[in-house]
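Participant: This is the structure I want to talk about, given as structure tokens.
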Amino acid sequence: MVVVTSSDQVHVVDGPDLTAADVYAIWQVRDVVFAVEQQCDEPDVDGIDLLPSCTHLWVADEHGIRSYLRTYVAEAGYRKIGRVCTRKDQRGLGLSGRLVRAAHDRWGADEIHIGAQAYLHDWYAGFGYERSGENFFEAGIEHVPMVRPGQ
């Protein structure tokens, strides 16, 4: 269950260790951000969340998850970061940046790939990500493939 003693604590939980309450809270914030606000035209639940190679990072408060991302090892063998999202009332506080940095602290030696929403290209570039291909559409939203070399 997403119960927090401090709203600044970064939770890091591997997929198989998620509780039912964790999964519900994760899907709740992702549903609001991606399905409701951004009107994504593809389902969010994709079978990756519970994989042993998938790790979830989030910051929460008494109202639920404030900001979230997941990272996993893709079938091609490289690490990916995705599903980065922040609750509307928590945007502009640097929470997603904290989570990206926390992921880099843990997996920064690895090359990390992302499919960034195109309007966030410069934001991700600030973390060392570089364009790695042509823009593409996913879930009806323009994305840009980016990679951050292992540090």
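Participant: Could you check Ala76 against (1) over 16 Å from the mean Cα position of the chain (by Cα); (2) of a type outside the set (Val, Ile, Thr); (3) over 24 Å from Ala118 (Cα atoms) and say which number it fails?
Facilitator: (3)
Participant: So which residues in the range 95-121 are touching a Lys or Arg at 6+ places or on another chain (Cβ under 6 Å) and within 10 Å of Gly150 (Cα to Cα), if there are any at all?
Facilitator: Within the range 95-121, Trp107, Asp110, Ile112 meet the criteria.
Participant: Which one is nearest to Tyr68 (Cα to Cα) among residues in the range 123-142 that are in a loop (DSSP other than H, G, I, E, B) and within 16 Å of the chain's Cα centre (by Cα)?
Facilitator: In this case the residue turns out to be Phe127.
Yes/no per residue for (1) without any contact (Cβ under 8 Å) to a residue 24 or more places away in the chain; (2) on the phi < 0 side of the Ramachandran plot; (3) assigned to a helix (DSSP H, G or I):
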{"residue": "Thr71", "(1), (2), (3)": "no, yes, no"}
{"residue": "Glu75", "(1), (2), (3)": "yes, yes, no"}
{"residue": "Lys80", "(1), (2), (3)": "no, yes, no"}
{"residue": "Ala103", "(1), (2), (3)": "no, yes, yes"}
{"residue": "Arg106", "(1), (2), (3)": "no, yes, yes"}
{"residue": "His121", "(1), (2), (3)": "no, yes, yes"}
{"residue": "Val144", "(1), (2), (3)": "no, yes, no"}
{"residue": "Gly150", "(1), (2), (3)": "no, yes, no"}
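Participant: Here's a follow-up. Being hydroxyl-bearing (Ser, Thr, Tyr) and buried (at least 17 other Cβ atoms within 10 Å of the Cβ) is the filter here, so list the residues in the range 112-151 that pass it.
Facilitator: Listed by number, the residues that qualify are Tyr124, Tyr129.
Participant: Return yes when Thr86 is modelled with pLDDT of 95 or more, β-branched (Val, Ile, Thr), touching a Phe, Trp or Tyr at 6+ places or on another chain (Cβ under 7 Å) and surrounded by 15 or more Cβ atoms within 10 Å (Cβ to Cβ) and no when it is not.
Facilitator: For Thr86, the condition - modelled with pLDDT of 95 or more, β-branched (Val, Ile, Thr), touching a Phe, Trp or Tyr at 6+ places or on another chain (Cβ under 7 Å) and surrounded by 15 or more Cβ atoms within 10 Å (Cβ to Cβ) - is not met.
Participant: Let me ask you something else. Residues Ile112, Ile141: which one is aliphatic (A, V, I, L, M) and under 26 Å from His11 (Cα atoms)?
Facilitator: Ile112
Participant: Now, a different point. Return yes when Ser67 is among the polar types (S, T, N, Q) and outside any loop (DSSP other than H, G, I, E, B) and no when it is not.
Facilitator: For Ser67, the condition - among the polar types (S, T, N, Q) and outside any loop (DSSP other than H, G, I, E, B) - is met.
The values are calculated or read from the model by the stated rules, or taken from the named source; none is laboratory data. None of the values given here were measured: they were computed from a predicted structure. All Cβ positions, even for glycine, are placed from backbone atoms using ideal geometry, and neighbour counts span all protein chains on display.
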